[in-house]
Structures are given as structure tokens and as C-alpha cells.
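**Student:** First the structure, which I've put down as C-alpha cells, then a few questions once you've had a look.
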Amino acid sequence: MGRDEIFHLDGSSYSKAELLDFCQEVSLEPGIPGWKRDVFSFVRLFLDPAEGAISQKTSGTTGDPKLYVLKRDSMICSARKTIQFFELQPGDRALLCLPMRYIAGKMMVVRALVGGLDLVMAEPSARPLKELNGSVDFGAMVPLQVHESIQHRDDLSLVERLLIGGGELHPSIKEELTRHGSTAVYESFAMTETYTHFALKRINGERPDHDFHLLDGVSVTLDERGCLVVDVPGVTDGAVSTNDLVEITPSDRGFRWLGRYDNVIKSGGIKIVPEMLEQQITRLIGNRCLVLPEKDTKLGEKLTLLVEYGELDPPVNAWLDLLHKELSGYETPKRIVTVKEIPRNQSFKPDRGAARIFL
């Protein structure tokens, strides 16, 4: 990134020196909101290496969370892969509505700086589209923001290409997004060590994807556990192992996510991936569910099914009969518990730990 490049911020254009001065000046204003100050501080940090190293706490995808030092060259390489995939052009408007403490927020800023995009700043709230002025060509949100935007009927069509990451989409929200044809919606597969996403999946449109597709140059393999190992040349320092169980597509250009190795249940010597079984059961009974382990003297762990059901008199016996017919013996839950709503964390992922209180 050279001195003569032009950068765009909320409709205004700056040289590198002008942008650094502007960010310094605005950051010192006493009335500026903290989230904006964080953006300006990061712009200065990224553009001027003399400001110091860029640190980021990892998400825990590859193990226990730890502090990770981000390389500027790797951030630029990752940004260019995203710009290429979405065919973004200089001057395109990019919505930043994620907090800067996360890698996803930092990378939205870097994409704008690298690609000459006009960075449109919105407060990182649950409803970032509520006061958005005009449409944007590209934006990224977490599932909670998408959920709240849909619930309050905020205009999602203002975002031409929407990237969703940082958690699991609630099934009802994913279904709702399939009806938003004017916005191209992508689910991302990402972690801090790969500088956000390295694979994307279109979830709406005439031909939605069944699998995640790798960005250009990315390669994946499996380790001895069946977990994903990813290498992003120019971004990662070699191959990075994860705890995500996946099935690699025959073309080696994508994969299907199966579940987390951490969640595998061992029942009677058989390893069961709960996420896979939950998809089967949801299709059979028509209700969202969780498969949870309970200690058992004979099996070691037995399967208990937690079903989301908000009405009286749930048809538990009918469900059990159906599951006995359609599933193998070791996949069939030993008992069923119903709850009004399955516990979920702030990322809308099922909270398996919190769900255990119902057992």
C-alpha cells in the first residue's frame, strides 16, 4: 500500500497522510463514540507499523483461546481474496457494523483500505440497518444482527452482498433468508488463524450451495480424527489444524461441515456426531432438537433428545416410535425431554452446557 493511494471513509476521500491525520484528530475529540474511536485507532495502527503490533484473541476453533499477533501482509492477502471472490471494485460501499475487538471487524476495515472501498461506518448494534443511509455493495454481520434485522423488518435489501459469520444461523432465520432474493447471502467458515473466512457458502438464490467452497489458493485435508486441516498460502504459517469434523468434497475444492470433535458422544463404544444426528431427527419429527449425553453404567454415555416444543402434550411416544423405525439402535435416543426454547449463546449457537439443566 503506497503513499499515493486514495482511501475512502463515509463518502470522503483521503491520501494516506490525510487519513492518518484525520484519524488522529477525530480520535482526540471528547464527544466521539467509543466504537468510532476504535475504528480510527485501528486505521492508524494498520497503516502505520510504527504504532505497534496488531493483537487478536483467537476464538478457540483450534484449541484454547490465546492472544495472536496478526501480520499486516497476511491481512492484506486475506482481504484481497475476499475482494476477488465478491468482485468488489474501488468506490464500492462496504458496511462496517462489527466491533473492532473481533477479527471480523478489523478485516472489514482492511478490505476497504486495500480495495479502495468506501467504508460506511454504523454502530455495531443489534440492528445496524436501522439508520443506514443508502444501499451498500458489501456488508458483514453476525447471526444476532441478521436475526434482529429480520424480526424488526429492517430493509435487508440495502445490502447487495451479505456475509454472515461468527456463529450459527437459527434455522428459522436461514429459511427466511432464502426469500430475500435481492441480497446475495453467504455463510462463512472462519477463524482468527486464517484471518477470518477461507470458505463460503451461498445460502439463498436459485442455486444455493450445499457445501462450503474454498477461496482461491486455499487447500484442505483431514487429520487422523477426521478434523479439518487448512492451509492458506500468504495468510497462515503452514497448515492449521481445527476441531471441526468435515467431509471433503470429491473435487477437493470444498467441504461439508459435520460437527465439532469436542461434542462427539461415545455410547456403547460407538462414536456419534450429535450435529449430524440432530439434522436427521429434525427432518423426521419437524422440530429443532439437541442430542445430549447422559452418564450410563452400561453404555458409558446414553443419548437424550432435547426437543424444542412450545405446546402442551408433546407427542413423545409417537416421536420415539418413529425414531426407532428410522434410526439405528445406537442412534436412537433413550429418552426425550421437551423445552419451550433450546438455549443458545450470543452467536446463536446451541448452548449445550446450558441445555444440560433440563436433563
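Read the figures in this text as sums done on the coordinates, not as results from a lab. Keep in mind it's a predicted model, so treat the numbers as computed, not measured. Note that each Cβ is placed from the backbone with ideal geometry, even for glycine, and that neighbours are counted across all protein chains shown.
**Student:** Ranked highest first by average number of other Cβ atoms within 10 Å, how do 181-193, 254-266 line up?
**Tutor:** Working: 181-193: 19.8, 254-266: 17.2.
Descending mean neighbour count gives 181-193, 254-266.
**Student:** A follow-up question, please. With the crude spin-label approximation of a point 7 Å out along Cα→Cβ, what separation in nm comes out for Thr58 versus Arg179?
**Tutor:** 4.2
**Student:** Order the peptides 66-72, 76-82 from the highest to the lowest mean number of other Cβ atoms within 10 Å of their residues.
**Tutor:** The densest-packed peptide leads the list: 76-82, 66-72.
**Student:** Continuing with this model, one more query. Counting DSSP beta bridges with both partners in the chain, what percentage is antiparallel, nearest 5?
**Tutor:** So the antiparallel bridges in the chain amount to around 65 percent.
**Student:** Another one. Using a 7 Å offset from the Cα along the Cα-to-Cβ direction at both Glu87 and Arg225, what is the distance between the two label points in nm, to one decimal?
**Tutor:** 4.0
**Student:** Using the beta-carbon distance between Asp351 and Lys130 and R0 = 41 Å, what value does 1/(1 + (r/R0)^6) give for FRET efficiency, to the nearest 0.05?
**Tutor:** So, using R0 = 41 Å, E works out to roughly 0.90.
**Student:** Can I ask one more? Which links in Lys36/Lys66; Lys174/Lys349; Lys174/Lys334; Lys57/Lys81; Lys266/Lys295 stretch past 19 Å when you go from one Cα to the other?
**Tutor:** Lys36/Lys66; Lys174/Lys334; Lys57/Lys81
**Student:** Can you work out the Karplus-derived ³J(HN,Hα) for every residue in the stretch 251-267? Use 6.51 cos²θ - 1.76 cosθ + 1.60 with θ = phi - 60°, whole Hz, and x for glycine or proline.
**Tutor:** My calculation for the stretch 251-267 gives 6, 6, 9, x, 7, 10, 6, 9, x, 9, 4, 4, 9, 4, 9, 9, 10 Hz in order.
**Student:** Something else: Roughly how big is the stretch 6-261's charge dipole about its Cα centre, with Cβ charges of +1 (Lys, Arg) and -1 (Asp, Glu), in debye to the nearest 20?
**Tutor:** Roughly 180 debye, rounded to the nearest 20.
**Student:** Would you mind ranking Arg37, Arg225 by Cβ crowding within 10 Å, fewest neighbours first?
**Tutor:** Arg225, Arg37
**Student:** Based on DSSP H runs of at least 4 residues, each adding -39500 (n - 2.57), what is the mean residue ellipticity at 222 nm of the chain after dividing by all its residues, to the nearest 500 deg cm²/dmol?
**Tutor:** The helix-only estimate for the chain comes to -8000 deg cm²/dmol at 222 nm.
**Student:** Ordered by packing density, taken as the mean number of other Cβ atoms within 10 Å over each peptide's residues, highest first, how do 91-101, 214-224 rank?
**Tutor:** Sorting 91-101, 214-224 by mean packing, highest first, produces 91-101, 214-224.
**Student:** Does a label point 7 Å from the Cα of Arg283, set along Cα-to-beta-carbon, have any residues of the stretch 322-356 with amide nitrogen under 14 Å, and which are they?
**Tutor:** 326-328
**Student:** Then there is this: Treat each spin label as a single point 7 Å out from the Cα along the C-beta direction, and report the His152 to Glu308 distance in nm.
**Tutor:** Between His152 and Glu308, the simple spin-label model gives 2.1 nm.
**Student:** In straight Cα distance, which aspartates and glutamates are under 12 Å from Lys201, not counting same-chain residues fewer than 8 positions off?
**Tutor:** Of all the aspartates and glutamates, those that pass the test against Lys201 - Cα under 12 Å, at least 8 places apart if same chain - are Glu187, Asp209, Asp211.
**Student:** Distance between Cα centroids, the stretch 177-204 to the stretch 100-140: provide it in whole Å.
**Tutor:** So the separation of the two Cα centres works out to 15 Å.
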